[in-house]
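Structure first, commentary second.
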Amino acid sequence: MTSEVALTVDVLTGFLGAGKTSLVRRLAEAGALADTAVLVNEYADLPVDQTLMGISGIKAGTFADGCLCCATDGDARSSLLQLLERRAAGAVPRFTRILVETSGIADPGSLLATLIADPMLRPRLRLGRVVTLVDLCHATATLAEHPEAAAQIVAADILLFTKADMADEDETSALIAAVGAINPIARTHECSPHDDINPFNLEIHQTTGERTLPAPPHHEHRHGIGSTTLRWPAPVDWAVFASWLSLLLHRHGHKILRMKGTMTIAGEEQHGPVVIQSVRHVVHMPEHISALAESAGAEIVVIAREIDTALIRRSFEAALGLAQRNSRCEEDHLPENDAAIA
């Protein structure tokens, strides 16, 4: 069997009524999805979203009659595999990308973990951008009442604020600040119904040479979610970092919702920094950005739930500091009090 370049899978999420299907229809009508297979997750007996998108002539498949997070290891995975098999057999028009529109009440974390880690999907699919739509008219109430909405925001590479033309200006500013505090990693953009932006074309891998990641306030936000930035001024020993991360995720993987940033690896400075990111306990394969990117060390944002993020930061610094002081130490051991995250 000949090897193929992995297909990119973009994920569109956002709470009910945020405008996901309208966005997909607009992109389809503009020709932006000409080479894209669209899978729609329905939370109803009738595939309403698929019918609506059919008006635009888009070819969409539907999987699951329920919440995507409950169907990830079944219908979503099976649908993706079936789609790939039909593509290989020439049973469907050839496509180069896949777009998954999740149910409005879905927590997309499980889908992302499946795309990253499933042994059947991982060689054939590559996770692209996660775009989360946030309804500026209703997001405050939605976040207060539905934890899934916060999970959708945490998962985002790009946050697209919709209905900006209908929302109160003062409330909009406060809401955007609150959402940015939940996910300081994501790129943000406001849009109106007539905005022709394609969020899946926006750049998301910005290096520290282009933009310094924000230092989130070290306190918890809605739903017990807090964030912090891990910084290190010099190239990082990969073995030390990998050991520290494995220990962290082994003990607290269900609490580490998202991690993303850049790191220069000691001994590989000539290749430029790599992107470090994880979704809960599943870690992406590190990816080099550019040998020309300027980055002296590490800068990684961690978003976590129900854990003191200051402890994570101190543990990270303790592990790398110990390695720096004892670079040739035979014992690969992290300080119990710090590295164990209490």
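The values are calculated or read from the model by the stated rules, or taken from the named source; none is laboratory data. Model, not experiment: these values are computed from the prediction. Every residue, glycine as well, gets a Cβ built from its backbone with ideal geometry; the counts of neighbours run over all protein chains shown. Note: areas computed on protein heavy atoms with side chains; ligands, DNA, RNA excluded. Shrake-Rupley method; radii C 1.70, N 1.55, O 1.52, S 1.80 Å.
What strands (runs of 3 or more DSSP E) lie completely within segment 78-170 and have 2 or more residues being crowded, with 17+ Cβ neighbours inside 10 Å and basic (Lys, Arg)?
Counting at least 2 such residues, we get 125-135.
Being crowded, with 18+ Cβ neighbours inside 10 Å and over 20 Å from the mean Cα position of the chain (by Cα) is the filter here; which residues of segment 238-265 pass it?
Val240, Phe241, Trp244, Thr264, Ile265
Of (1) crowded, with 16+ Cβ neighbours inside 10 Å; (2) modelled with pLDDT under 90; (3) of a type in the set (A, V, I, L, M); (4) farther than 30 Å from Ser78 by Cα, Val179 satisfies all except one. Which?
Going through the list (1) crowded, with 16+ Cβ neighbours inside 10 Å; (2) modelled with pLDDT under 90; (3) of a type in the set (A, V, I, L, M); (4) farther than 30 Å from Ser78 by Cα, Val179 breaks only (2).
Out of Ile197, Ile105, Ile98, Ile185, report the one residue that is within 22 Å of Met259 (Cβ to Cβ) and in contact (Cβ under 8 Å) with a residue 24 or more places away in the chain.
Answer to the check: Ile185.
What pairs can you find where one residue is in segment 257-268 and at pLDDT 90 or above and outside any loop (DSSP other than H, G, I, E, B), the other is of a type outside the set (Val, Ile, Thr) and open to solvent by 20 Å² or more (accessible area, probe 1.4 Å), and their Cβ atoms are less than 6 Å apart, with a gap of 6+ or different chains?
Close Cβ pairs satisfying both conditions: Ile265/Trp238.
Across segment 300-324, what is the number of residues that are within 19 Å of Pro147 (Cα to Cα) and among the hydrophobic types (A, V, I, L, M, F, W, C)?
Going through segment 300-324 one residue at a time, the tally reaches 4.
Given (1) within 28 Å of Glu299 (Cβ to Cβ); (2) in contact (Cβ under 8 Å) with a residue 60 or more places away in the chain, identify the lone condition not met by Thr142.
The number of the failed condition is (1).
Would you pick out the residues in segment 266-286 that are within 15 Å of the chain's Cα centre (by Cα) and within 15 Å of Ile300 (Cβ to Cβ)?
Correct list: Val275, Ile276, Gln277, Ser278, Val279, Val283, His284, Pro286.
Pull out all pairs, ordered by first then second residue, where Cβ-Cβ is under 7 Å, the residues are six or more apart or on different chains, the first lies in segment 116-127 and is within 11 Å of Val9 (Cβ to Cβ), and the second is of a type outside the set (Lys, Arg) and loosely packed, with under 14 Cβ neighbours inside 10 Å.
Listed by first residue and then by second, the contacts come to Arg124/Ala6; Leu125/Ala6; Arg126/Ala6.
Going by the structure shown, is Ser290 among the polar types (S, T, N, Q), touching a Gly at 6+ places or on another chain (Cβ under 6 Å) and at pLDDT below 85?
Criteria met by Ser290.
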